[in-house]
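A quick write-up on the structure given underneath.
The values are calculated or read from the model by the stated rules, or taken from the named source; none is laboratory data. The structure displayed is predicted, hence computed values, not measured ones. Methodologically, a virtual Cβ is constructed for each residue, glycine included, from the backbone with ideal geometry; neighbour enumeration extends over all protein chains shown.
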Amino acid sequence: MRNFYTVCRHCHAKHPFEQPILTCPTCGGGWLDAGYDYPYDAKTAVSPQPSWLNKLTERGTTIWRYRELLPLRDDDHIISLGEGWTPLIRAHNLGLMLGHNNIYIKDERQGPTGSFKDRQASIAISAMKEAGIKEAVVASTGNVAIAYSAYGARAGIKMWVFVTSSVPADKMREVALYGSEVIKVAGTYDQCKKVAADFAANKGIFLDQGIKGIAAKEAMKTMSYEIAEQLGNIAAGADPSTPNGHRHPWQAPDWYLQAVSGGLGPVGVMKGFKEMHDMGLIDKLPKMACFQSAGCAPMATSFHKGLAIAENVDDPITDITTLATGVPGEAYVALRELLLQHGGTIDAIEDTDAFKAMQIAARMDGISVEPATAVTFAGLIKLIREGTIQPHETIVLNCSGHTFPVEKHIVGEQYARDMILEGIAEHDSHGRPEGLLTALEDIDDRVQRIAILEDNPDASRLIRRILQAQGEFLIDEANNGLDGLKMIKQDTPNLLILDLMMPGMDGFGIVKEMKKDPKLRDVPIIVITAKELSPFEQAELNGKIKALLQKGSFLDSELLSDIKQALPGS
């Protein structure tokens, strides 16, 4: 049996926790946090007693490994489906593209219901069970509804779930599958929350408070504990998928990035980093970057105006409905305080940039993400290109959930090619059977040959991946200038992508030799280089190449745009 207490954000009064409450008993304030008498202080403990820190290596990989710092008195009430300890994945190809080697993705898609809201559901539903709550009301734009319904079913708690009519029907069906009562509200998310609160008050049913409630923020902080353990492993050269415990010093990133609607995630995550810093487990707190959809960005707009209180957005206009909270209220105040204290920003991202980033993440690093996470990827790209995030800094990005099948407008309707196997096929207009071989021949007719001369295998692989993700190209590669020249003389490409710094013969020599060869002199050349060109070198290439891109500062769309313009017949 453990004890913890509540702390009011407004009057700072502390009260022993007995059951979930909606307001502070002292001042009536509606924002409560959990407080703990930290069981371990690395700064002052000369000979620490056995504690949760020393026991971590013996514990499982769920959020409940940090149970001494979570708001539940008795472990018998824990409701868990295996949430937590999600992978921390290096974004290798995206890092190459952007010139940043230390971009990490906290892959919350791996949760039991596919989003980071599983953490919140586990603690919130466990607290409800401990308090003897049999029914509860929650408002949601999708992920919370699914997570609470799954965990509620496991706990035997009936959920009344209020969702906006913009939530995809497939998500509503999943909520109903768990046995929750689904109430669809034809209005904004803020209106949906008001309807849910009124319903709970009228029926005398417990209302989940979201960001103002203790459970939600405490759940989100478990991400920061995991990140610190995992980065500590990486810094020590150990496997980040293996729990660190206290084998290696823990480490905070330089930046934590996340898209926000109500602001819950970053507030909770930063609370966790602060706790670790207070205990001496990490030596710094990260800067934070939060992102909103430009069609509903009250916090981003207000932050850049320097406002202490957010201006509301009455009519959100965005396809990313999970971020469409137009009335952030006190969440903005809390986030702004954190940003002013520790550094960072809240920026607005256009939907089109988010959907473009969704494709980049999938095609570059095999990460298929929900639109809210795509906003975070787009924000990452924005801050790197602006120079706000520096190349040496370590970045952790919250991949909050998986993409959803109904997001078909991302790839369009024509995302597959029909192919009829031989033996059951009809004949085409030339009398050929429209089978596998014919289909492949038709594809081959449209293929253009592209040569890549690049001595860095990682860079060559990245360029190849960009091309493969776009369409059908026949790609030749060489990592030595002399070998590359021999290759393109033997098989003339329609386009050459060229690095300037290579062994054997550098890119300048390749260009010179190609211009002397009648077969090669008209082949368009795109140069991708890390080299800062002198005026003399720029003059040497002037008029001989189609485009010049700097390594680590271009996106796939820029390369493809230059390729499209350079290829014959485009």
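Assess whether residue 321 counts as being within 24 Å of the chain's Cα centre (by Cα), of a type in the set (S, T, N, Q) and crowded, with 19+ Cβ neighbours inside 10 Å.
On the way: within 24 Å of the chain's Cα centre (by Cα): yes; of a type in the set (S, T, N, Q): yes; crowded, with 19+ Cβ neighbours inside 10 Å: yes.
When the stated conditions are applied, residue 321 passes them.
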Query raised in the report: Looking at the stretch 65-103, which of its residues are polar (S, T, N, Q) and without any contact (Cβ under 8 Å) to a residue 60 or more places away in the chain?
Result: 80
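Would you call residue 378 small (Gly, Ala, Ser) and at pLDDT below 90? Before you say what the answer is, go through the steps one by one.
On the way: small (Gly, Ala, Ser): yes; at pLDDT below 90: no.
Taking the combined requirement at face value, the residue does not satisfy it.
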Query - 1 or more residues among the polar types (S, T, N, Q) and within 27 Å of residue 87 (Cα to Cα): qualifying helices (runs of 4 or more DSSP H) within the stretch 121-237 - result: 143-155, 214-235
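Go through 219, 235, 201 for me and flag whichever is in contact with a helix residue (DSSP H, G or I) (Cβ under 7 Å, 6 or more places away or on another chain), of a type in the set (A, V, I, L, M, F, W, C) and more than 18 Å from residue 141 (Cα to Cα).
Values: 235 fails: in contact with a helix residue (DSSP H, G or I) (Cβ under 7 Å, 6 or more places away or on another chain); 201 fails: in contact with a helix residue (DSSP H, G or I) (Cβ under 7 Å, 6 or more places away or on another chain).
The unique qualifying residue is 219.
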Requested in this report: Inspect all residues belonging to the stretch 310-317 and state whether any of them is without any contact (Cβ under 8 Å) to a residue 40 or more places away in the chain and either of a type in the set (Phe, Trp, Tyr) or buried (at least 20 other Cβ atoms within 10 Å of the Cβ) (or both).
Outcome: yes
Query raised in the report: Looking at (1) modelled with pLDDT of 90 or more; (2) surrounded by fewer than 19 Cβ atoms within 10 Å (Cβ to Cβ), which is the one condition that is false for residue 478?
Result: (2)
Query raised in the report: Hey, among 170, 198, 190, which residue is over 23 Å from residue 399 (Cα atoms), among the charged types (D, E, K, R) and at pLDDT below 90?
Result: 190
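On the basis of being more than 23 Å from residue 329 (Cβ to Cβ), touching a Ser or Thr at 6+ places or on another chain (Cβ under 6 Å) and modelled with pLDDT of 85 or more, does residue 203 make the cut?
On the way: more than 23 Å from residue 329 (Cβ to Cβ): yes; touching a Ser or Thr at 6+ places or on another chain (Cβ under 6 Å): no; modelled with pLDDT of 85 or more: yes.
Criteria not met by residue 203.
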Requested in this report: Within the stretch 357-378, identify whether any single residue is among the basic types (Lys, Arg) and either in contact with a Pro (Cβ under 9 Å, 6 or more places away or on another chain) or without any contact (Cβ under 8 Å) to a residue 40 or more places away in the chain (or both), and answer yes or no.
Outcome: no
Query - Hits in the stretch 90-119 (condition: out of contact with any Lys or Arg (no Cβ under 9 Å at 6 or more places or on another chain), of a type in the set (Asp, Glu) and assigned to a helix (DSSP H, G or I)) - result: 118
Report summary line: Expected output for the stretch 214-236 (first residue under 20 Å from residue 254 (Cβ atoms), partner among the acidic types (Asp, Glu) and part of a helix (DSSP H, G or I), Cβ below 8 Å, 6+ apart or cross-chain) is 221/275; 223/108
Query raised in the report: Just for the stretch 507-539: of the residues that are touching a helix residue (DSSP H, G or I) at 6+ places or on another chain (Cβ under 6 Å) and assigned to a loop (DSSP other than H, G, I, E, B), which one is surrounded by the fewest Cβ atoms within 10 Å (Cβ to Cβ)?
Result: 521
**Report entry** Residue list for the stretch 90-113, filter: of a type outside the set (S, T, N, Q) and surrounded by fewer than 20 Cβ atoms within 10 Å (Cβ to Cβ)
**Finding:** 90, 92, 99, 112
